[in-house]
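The values are calculated or read from the model by the stated rules, or taken from the named source; none is laboratory data. Worth saying up front: this structure is predicted, and the values here are computed from it rather than measured. No Cβ is skipped: glycine too gets one built from the backbone with ideal geometry, and neighbour counts run over all protein chains shown.
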Amino acid sequence: MSDHYDDLETRSPDQREAALMSALAEQIEHAKNNAPYFTDLLADVDAAAITSRAALAGLPVTRKSALIDRQKADYPFGGMTAMATGGLARIFQSPGPIYEPESKGDDFFRTARGLYAAGFRAGDLVHNTFSYHLTPGGFIMDAGARALGCAVIPAGVGNTEQQLDVIGDLQPIAYAGTPSFLKILLQKAAAAGLDASCFKKASVGGEYFPPALCAEWSDRGIEAYQSYATADLGLIAYETTARQGMTIDEGVIVEIVQPGTGDVVPEGDVGEVIVTLLGREYPLIRFATGDLSAVLAGASPCGRTNMRLKGWMGRADQSTKVKGMFVRPEQIAEIARRHGEIARARLVIETVEGRDAMTLHCETSADDEGLADAIRHTLQAVCKMKGDVRLAAPGSLANDGIVIEDKRSYD
């Protein structure tokens, strides 16, 4: 039995890039012709010319945070789907509310690939504890497991005692859900004297998965791997047996950009995850997830050749209020754009003598008080309030994707 889901995972990076860029131009043309939102957004874009990552980086970003207002103006999907609502299989509602579509095809969210990497195989019985109620989580994993040939127990969330009865009776070998809920199930089973040793493999997501917990489960015979999926995009990346980052799915194009912008950052730098989806029904172009990550250099020891992400590293939406006014990452990026000497900028907000105070730390090779003064004026012009500026040596600021750091204490 192969260690890989299909041959796409082991093709050369050049082959993959050529295929993705060819599909990208077709997808943009498809989105322009069939999804009203993209018809307007990309009206001046020549789809045939978007055949490189550099060209893709020149297209506008659509932010997940904007979906609520966009959908209110044009229910249910803000004009972003390329098919009639009645042709869909399901419509979900996530908190916000935000509505998400599912088509009638098999494994619409493409999670079979990630589950296969986690060891799920045809004939496995999967205990799926992601929610089946309005939100798509349960269906995202359910569809992928069934596409692999697994049987699925649609457990959903809650009802722990009933779930333990089902586990005891049916002895599922695989688990899908959050790591915290599997921990609860195992603890309650032990406390009740019930046998939950049936679990041998798990695909977990939706929250932080501590390495210590992963090691603890491995010691008791459960190999758990992370998947990174969203309701809008389906599978984005997944962990493999190499346990070195998360391999990007073959059905998406991922960029890492400076938070609040569409500007791609160098490999290894932390930034916001931007995804272009190649599925035809919901052709999202440069969709900003709001998550932080970074590209992990080199090839995976597992044999898969696609790019890898370091994993989830926080949230990109760092907007906050200072003196009653919002300050956003986009504003900090604008300041850096106006001063080419700035390599990286980080706004630190603190409480000084009972008042909000902000200081913009700027990495630059220049050591010029005149430059600092100029940046102060730009800071005030862009953010509409005064702040201090401190010049820092190149490489001295943390590479963590944080553009606005709020150090205020509210105790």
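Out of all the residues in segment 184-217, which are crowded, with 21+ Cβ neighbours inside 10 Å, within 23 Å of the chain's Cα centre (by Cα) and of a type in the set (A, V, I, L, M)?
Answer for segment 184-217, where residues must be crowded, with 21+ Cβ neighbours inside 10 Å, within 23 Å of the chain's Cα centre (by Cα) and of a type in the set (A, V, I, L, M): ALA202, VAL204.
Restricting attention to strands (runs of 3 or more DSSP E) lying wholly within segment 62-135, give those where 3 or more residues are crowded, with 19+ Cβ neighbours inside 10 Å and modelled with pLDDT of 95 or more.
In segment 62-135, the matching strands (runs of 3 or more DSSP E) lie at 98-102, 125-128.
For segment 130-162, which residues satisfy the criterion of being touching a residue at least 60 places away in the same chain (Cβ under 8 Å) and more than 19 Å from GLN226 (Cα to Cα)? Lay out the reasoning, then the answer.
Kept after step one, since they are touching a residue at least 60 places away in the same chain (Cβ under 8 Å), are these residues of segment 130-162: 130, 135-137, 140-141, 144.
THR135, the sole residue that qualifies.
Residues of segment 345-378 being in contact with a Pro (Cβ under 8 Å, 6 or more places away or on another chain) and either under 16 Å from ILE404 (Cα atoms) or surrounded by fewer than 13 Cβ atoms within 10 Å (Cβ to Cβ) (or both), which ones?
Correct list: GLU363, SER365.
Do we have any residue at all in segment 230-239 that's surrounded by fewer than 21 Cβ atoms within 10 Å (Cβ to Cβ), at pLDDT 95 or above and farther than 27 Å from ILE98 by Cα?
The answer is no; no qualifying residue exists.
For segment 177-184, does any single residue satisfy the condition of being touching a strand residue (DSSP E or B) at 6+ places or on another chain (Cβ under 7 Å) and part of a strand (DSSP E or B)?
Yes, some residue in segment 177-184 is touching a strand residue (DSSP E or B) at 6+ places or on another chain (Cβ under 7 Å) and part of a strand (DSSP E or B).
Please go through segment 167-183 and give me each residue that is farther than 17 Å from SER227 by Cβ, among the hydrophobic types (A, V, I, L, M, F, W, C) and either touching a helix residue (DSSP H, G or I) at 6+ places or on another chain (Cβ under 6 Å) or exposed (fewer than 15 other Cβ atoms within 10 Å of the Cβ) (or both), ordered by number.
The one that is farther than 17 Å from SER227 by Cβ, among the hydrophobic types (A, V, I, L, M, F, W, C) and either touching a helix residue (DSSP H, G or I) at 6+ places or on another chain (Cβ under 6 Å) or exposed (fewer than 15 other Cβ atoms within 10 Å of the Cβ) (or both): LEU170.
Scan segment 25-49 for residues that are part of a helix (DSSP H, G or I) and closer than 24 Å to ARG70 by Cα and report the count.
15
So which of ARG121, ARG113 is under 30 Å from THR305 (Cβ atoms) and more than 21 Å from the chain's Cα centre (by Cα)?
Exactly one of ARG121, ARG113 is under 30 Å from THR305 (Cβ atoms) and more than 21 Å from the chain's Cα centre (by Cα), namely ARG121.
Would you check if there is a residue in segment 318-332 being in contact with a Gly (Cβ under 7 Å, 6 or more places away or on another chain) and assigned to a loop (DSSP other than H, G, I, E, B)?
Yes - at least one qualifying residue is present in segment 318-332.
Just checking, how many residues over segment 209-227 are part of a helix (DSSP H, G or I) and either within 17 Å of PRO172 (Cα to Cα) or of a type in the set (S, T, N, Q) (or both)?
Residues flagged as part of a helix (DSSP H, G or I) and either within 17 Å of PRO172 (Cα to Cα) or of a type in the set (S, T, N, Q) (or both) within segment 209-227 amount to 2.
Limited to segment 1-42, what total is found for residues that are in contact with a Gly (Cβ under 6 Å, 6 or more places away or on another chain), closer than 23 Å to GLU281 by Cα and hydroxyl-bearing (Ser, Thr, Tyr)?
The total comes to 1.
Which is of a type in the set (A, V, I, L, M), touching a Cys at 6+ places or on another chain (Cβ under 9 Å) and touching a residue at least 12 places away in the same chain (Cβ under 8 Å), of LEU59, LEU67, LEU115?
Result of the check over LEU59, LEU67, LEU115: LEU115.
Could you list all residues from segment 238-257 that are more than 23 Å from ALA55 (Cα to Cα) and not in a loop (DSSP other than H, G, I, E, B)?
TYR238, MET246, THR247
Which condition does SER12 not pass, out of (1) closer than 22 Å to GLY290 by Cβ; (2) in contact (Cβ under 8 Å) with a residue 24 or more places away in the chain, if it passes all the others?
For SER12, the failing item is (1).
What pairs can you find where one residue is in segment 30-55 and within 13 Å of THR276 (Cβ to Cβ), the other is surrounded by 13 or more Cβ atoms within 10 Å (Cβ to Cβ) and charged (D, E, K, R), and their Cβ atoms are less than 6 Å apart, with a gap of 6+ or different chains?
PHE38/LYS32; LEU42/LYS32; ALA47/GLU29
Just to be sure, is ASP3 free of Cβ contacts under 8 Å to residues at least 12 places away in the same chain and more than 23 Å from the chain's Cα centre (by Cα)?
Judged against the criteria, ASP3 is not a match.
Filter segment 359-391 down to residues that are more than 23 Å from PHE326 (Cβ to Cβ) and under 32 Å from the mean Cα position of the chain (by Cα), then give me how many there are.
2
Restricting segment 337-387 to residues that are touching an Asp or Glu at 6+ places or on another chain (Cβ under 9 Å) and of a type in the set (Asp, Glu), which is farthest from SER319 (Cα to Cα)?
Checked segment 337-387; the qualifying residue farthest from SER319 (Cα to Cα) is ASP368.
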